[in-house]
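J.: Below is a structure I'd like to ask you about.
Nothing in this text is a laboratory measurement; each read-out follows from the coordinates by a stated rule. Note that the structure is predicted; figures quoted are calculated from it, not measured. No Cβ is skipped: glycine too gets one built from the backbone with ideal geometry, and neighbour counts run over all protein chains shown.
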Amino acid sequence: MKLDTALYHATTRWPTSGFTVPRTIPNLLDTVSYHVHTMWLFTKSDFMTTMIPISIFAIVAAPLTSIHNIPHLVFWLWFHLLGFNTSNQTASLEDETNKPDRPLPAGRITLHDAIILRWTLMPMCWALSLAYSKETMFASMALSVFTFMYNELRGSGAHFMFRYALNGLGFAAFEAGTTLVAKNDKSCLDNAGWLAIALSASIFATTIYAQDFRDVVGDSLINRDTIPLRFGSPSRTALLLGVLAWSIGLSWIWDVDPYSAAAFTALGTYAGGRFVKYTTVEEDRTSYFYYNVWVSVAHILPGYWRLLRAA
């Protein structure tokens, strides 16, 4: 009788077929859904800042010749972003103030389990990359080095110049790997592709502090050395001038026609100008959105050159 009761509680019978399934299956699906959502939350806030610009960049810098490569490049980028973010979010306490909806401050995962996930993802990223080419794996390994320097070695809290240089190098590794995956021949990039990566890394290294205006509260709590905290209001004007200079320079480098160049420069002026005109944290979040729109358009310019000028 006890055995019959145990079997009843362990299974659910389909009345029409007599087929039995474990009652634990719905629980298993709930658990999988929970953990997938947790991984999504690790990367959610970086879709506009990383996933969209770098995906666009890879498509035009490769250049993409087969739409079948798009799911591959998107997954490769997201998986590596997950690896970076688990490292970043286990190495700093700023999310408790800046982004309380992330998995750790929200209590969706313990710090111990998040650290295990962080170090498990690293060799998994290498293995995934090696499935494409050894060159893609080298890009993945370079990203791992920059991630370790930025997070575990506290490069994010070092002098602001070193911090922003690491930002640029990290984005370059993201872009090199994603661009290689976007190509049919995943073993090499042409000169235009490498130039595009170098320019993009330089843009991020010199203007990525746009994100720090929205995070000044958390950054000040952990004494992070950022341009906005070090220089205050003048850094807003410097950002506007930097975005404006890059708009003009990129238009010249990629031989953009005058009308498109004027429109791109106007977008940069608006995006950078917002940081000067609107100075509350909430307004800085909106301004950062427009900054990322400008970055995304900047990443399209190599494709403009390939399509209209390279021939």
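J.: If you find the alpha carbon centre of region 131-190 and of region 217-274, how far apart are they in angstrom?
T.: Result: 23 Å between the Cα centres.
J.: Shifting gears a bit: Tell me the label-point distance for the pair Ala158, Thr120, using the 7 Å Cα-to-Cβ offset, in nm and rounded to one decimal.
T.: 3.1 nm
J.: Continuing with this model, one more query. Quick one: among Val281, Val243, Val293, which has the greatest mean-square fluctuation in a GNM of the chain with alpha-carbon springs under 10 angstrom?
T.: Result for the chain, Cα springs under 10 Å: Val281 fluctuates most.
J.: How large is the helix-only mean residue ellipticity at 222 nm for the chain, computed as the sum of -39500 (n - 2.57) over DSSP H runs with n ≥ 4, divided by its residue count, in deg cm²/dmol to the nearest 500?
T.: Only helices count here, giving -24000 deg cm²/dmol.
J.: Please list, or write none, the lysines whose alpha carbon is within less than 16 Å of the alpha carbon of Lys134, excluding same-chain residues fewer than 8 places away.
T.: Once the sequence-local lysines are set aside, what remains near Lys134 is Lys183, Lys186.
J.: Take the alpha carbon gyration tensor of region 42-105, find the square roots of its eigenvalues, order them as a ≥ b ≥ c, and report rounded if a/c is under 1.5; if not, report prolate when a/b exceeds b/c, else oblate.
T.: On the way: a/c = 3.40, a/b = 2.78, b/c = 1.22.
Because a/c hits 1.5 or more and a/b exceeds b/c, region 42-105 counts as prolate.
J.: Moving on. With a cut-off of at most 12 other beta carbons within 10 Å, and DSSP calling the residue loop, which trypsin sites (Lys or Arg not before Pro) in region 242-311 qualify? Please list them.
T.: The qualifying sites are Arg309.
J.: With a/c under 1.5 counting as rounded, go ahead and sort region 172-266 into rounded, prolate or oblate using the C-alpha gyration tensor (a ≥ b ≥ c being the square roots of the eigenvalues; past the cut-off, prolate if a/b is larger than b/c, else oblate). It would help to have the intermediate numbers written out before the result.
T.: On the way: a/c = 3.42, a/b = 1.43, b/c = 2.39.
It comes out oblate by the Cα gyration axes.
J.: Another question, if that's okay. Calculate how steeply helix 160-182 sits against the longest principal axis of the alpha-carbon atoms of the chain, using the helix alpha-carbon long axis, and give the answer as 0 to 90 degrees to the nearest 10.
T.: Orientation of helix 160-182: about 70 degrees from the principal axis.
J.: The list (1) 44, 21, 15; (2) 40, 26, 18; (3) 31, 22, 20 gives values of semi-axes √(5λ) of the Cα gyration tensor in Å, and only one came from this structure; which label was calculated from it?
T.: Given (1) 44, 21, 15; (2) 40, 26, 18; (3) 31, 22, 20, the calculated one carries the label (2).
J.: Might you report the magnitude of the Cβ-based charge dipole of region 47-189 about its Cα centre, with Lys and Arg at +1 and Asp and Glu at -1, to the nearest 20 debye?
T.: In total the dipole reaches around 140 debye.
J.: Loop only per DSSP, at most 15 neighbouring Cβ atoms within 10 Å: give me the chymotrypsin sites (Phe, Trp or Tyr not before Pro) in region 20-69, ordered by residue number. All intermediate terms of the calculation are to be shown ahead of the outcome.
T.: Values: sites: Tyr34, Trp40, Phe42, Phe47, Phe57; in loops: none.
Here no chymotrypsin sites (Phe, Trp or Tyr not before Pro) fit, given the DSSP loop and packing criteria.
J.: Relative to the first principal axis of the alpha-carbon coordinates of the chain, what is the inclination of helix 191-207, with its axis defined by its Cα atoms, in degrees from 0 to 90 and to the nearest 10?
T.: In the chain, helix 191-207 runs at an angle near 90 degrees to the longest axis.
J.: Let me ask something additional. At what distance in nm do the modelled label points of Ser33 and Leu195 sit from each other, each positioned 7 Å from its Cα along Cα→Cβ?
T.: 5.1 nm
J.: Does region 214-311 come out rounded, prolate or oblate, given a ≥ b ≥ c as the square roots of the eigenvalues of its C-alpha gyration tensor, rounded meaning a/c under 1.5 and, failing that, prolate meaning a/b above b/c?
T.: Prolate shape, in that a/c is at least 1.5 and a/b is the bigger ratio.
J.: In the Gaussian network model of the chain, springs joining C-alpha atoms below 10 Å, which of His159, His80, His299 carries the largest mean-square fluctuation?
T.: Highest fluctuation among the options: His159.
J.: So what is the relative contact order for the chain, in percent, with contacts set as C-alpha pairs under 8 Å and at least six apart? Working shown, then result.
T.: Numbers: 361 pairs, mean separation 60.5, N = 311.
Relative contact order for the chain comes out at 19 percent.
J.: Here's something else I'd like to know. Computed FRET efficiency, Cβ-Cβ of Phe289 and Lys134, R0 45 Å: what is it to the nearest 0.05?
T.: So, using R0 = 45 Å, E works out to roughly 0.75.
J.: What is the helix-to-structure angle for 69-91, meaning the angle in degrees between its Cα long axis and the longest Cα principal axis of the chain, kept from 0 to 90 and rounded to the nearest 10?
T.: Rounded to the nearest ten degrees, it is 90.
J.: So if I place +1 on the C-beta of Lys and Arg and -1 on the C-beta of Asp and Glu, and nothing else carries charge, what would the dipole magnitude of the chain be about its Cα centre? I want it in debye, nearest 20.
T.: 300 debye
J.: Under the √(5λ) rule applied to the eigenvalues of the Cα gyration tensor, what semi-axes describe the equivalent ellipsoid of region 47-189? Give them in Å, descending.
T.: 27, 16, 14
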